[in-house]
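The values are calculated or read from the model by the stated rules, or taken from the named source; none is laboratory data. The structure presented is a predicted model; accordingly, all values stated were derived computationally and were not measured. FYI the Cβ positions are ideal-geometry reconstructions off the backbone, even for glycines, and counts take in every protein chain you see. Heavy atoms of the whole protein, side chains included, go into the accessibility calculation; ligands, DNA and RNA do not. Shrake-Rupley method; radii C 1.70, N 1.55, O 1.52, S 1.80 Å.
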Amino acid sequence: MSDIKNKKVWITGASSGIGEALAYAFANQGAELILSSRKRSDLERVQSKCQGAKAVHLEPLDVARHADVLETAKRVQEKIGPIDILINNAGISQRSLVEETPLDIDKRIMDVNYFGAIALTKAVLPAMLQQQSGQIIVMSSLVGKFGTPLRSTYSASKHALHGFFEALRAECYDRGLKVLIVCPGFIRTSVSINAITADGSKQNKMDDAQEHGMAPEVLAEKIIQALLAGKEEVNIGGKEVLGILLKRFFPRWFSRYIRKAKVT
Ligand code: NAD
């Protein structure tokens, strides 16, 4: 993709953190934005700061309510036409051990992080294929490449995104569809505060790793660079990104390391 100006860009989870930073970065490039997350009032705050956007449409949406996802996508496309760039960013993290986590919590995480992303993708895909161009950006994580303690289903949901979107990329390669998978390391957002615990409540605590992580604005700019460069997958963060190489080349060492690594 050579230019973002006037492109219709739909960002989920746009009310805070990475999604909010992406909204400002894409607005700055002159895109037409569709912003989604659960609360309209949060989206209105972001909208008021989207300098440079061609237009900003607010579409409150809980991506875990899959019937609503389909209905909203139908309405949005009837109103403004096919989406050029879909950013599947909405997500919830996890801070709980496997042994203490009931299955309904695992399902809640998958419903948002995995089924939410694929539901919206399936809803915008037909129009993208018809116009023979479309770009999906998928917010995975470094834990989409390796598992760490306290994030079993979060990590599984991100791994699942790789399987699904690599398959989609291969299936639609000749029909103008591009997929960029982003694997961030520690980014300074409220993700750890909003992370779900074993009893379904929020952790409500800023982890050190997040507090000292990369600024979301820096990540957003790097994502735009990766998009314009036509990348298929990028790992972005601090020294934690090395984990991918260590797992690949020294798997036994990495397996021992990750047992004790500080991951909060
Ligand atoms: P955040 O908690 O600030 O933002 C999450 C966003 O998702 C919010 O806008 C929230 O309202 C939205 N959201 C959550 N559940 C939703 C639902 N059911 N329906 C619609 N929207 C929902 O955290 P963030 O760090 O900005 O996270 C954004 C994405 O980046 C997530 O997918 C997360 O897994 C991923 N990520 C974050 C980090 C990090 O260190 N911050 C690292 C790797 C990946």
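Quick notes
- All positions within the stretch 3-23 that are away from the ligand (no atom under 13 Å from the Cβ) and out of contact with any helix residue (DSSP H, G or I) (no Cβ under 7 Å at 6 or more places or on another chain): 3, 5, 6, 7
- Meets criteria (over 25 Å from residue 49 (Cα atoms) and modelled with pLDDT of 95 or more) for residue 251: yes
- Only listed residue being touching a Leu at 6+ places or on another chain (Cβ under 9 Å), over 16 Å from residue 91 (Cα atoms) and open to solvent by less than 30 Å² (accessible area, probe 1.4 Å), chosen from 185, 230, 237: 237
- Test result for residue 127, in contact (Cβ under 8 Å) with a residue 12 or more places away in the chain, surrounded by 18 or more Cβ atoms within 10 Å (Cβ to Cβ) and either among the hydrophobic types (A, V, I, L, M, F, W, C) or within 23 Å of residue 237 (Cβ to Cβ) (or both): no
- Selected residue (criterion: nearest to the ligand (Cβ to nearest atom)) from residues of the stretch 59-97 that are within 25 Å of residue 194 (Cα to Cα) and without any contact (Cβ under 8 Å) to a residue 24 or more places away in the chain: 65
- Residue 41 being within 12 Å of the ligand (Cβ to nearest atom), free of Cβ contacts under 8 Å to residues at least 24 places away in the same chain and open to solvent by 30 Å² or more (accessible area, probe 1.4 Å): yes
- With respect to the conditions (1) within 22 Å of residue 120 (Cβ to Cβ); (2) open to solvent by 40 Å² or more (accessible area, probe 1.4 Å), residue 176 falls short on a single one, namely (2).
- Filter result (open to solvent by 40 Å² or more (accessible area, probe 1.4 Å) and under 18 Å from residue 186 (Cβ atoms)) within the stretch 201-213: 203, 205, 206, 208, 211, 212
- Considering residues of the stretch 98-109 that are more than 16 Å from the ligand (Cβ to nearest atom) and without any contact (Cβ under 8 Å) to a residue 12 or more places away in the chain only, the residue least open to solvent (accessible area, probe 1.4 Å): 103
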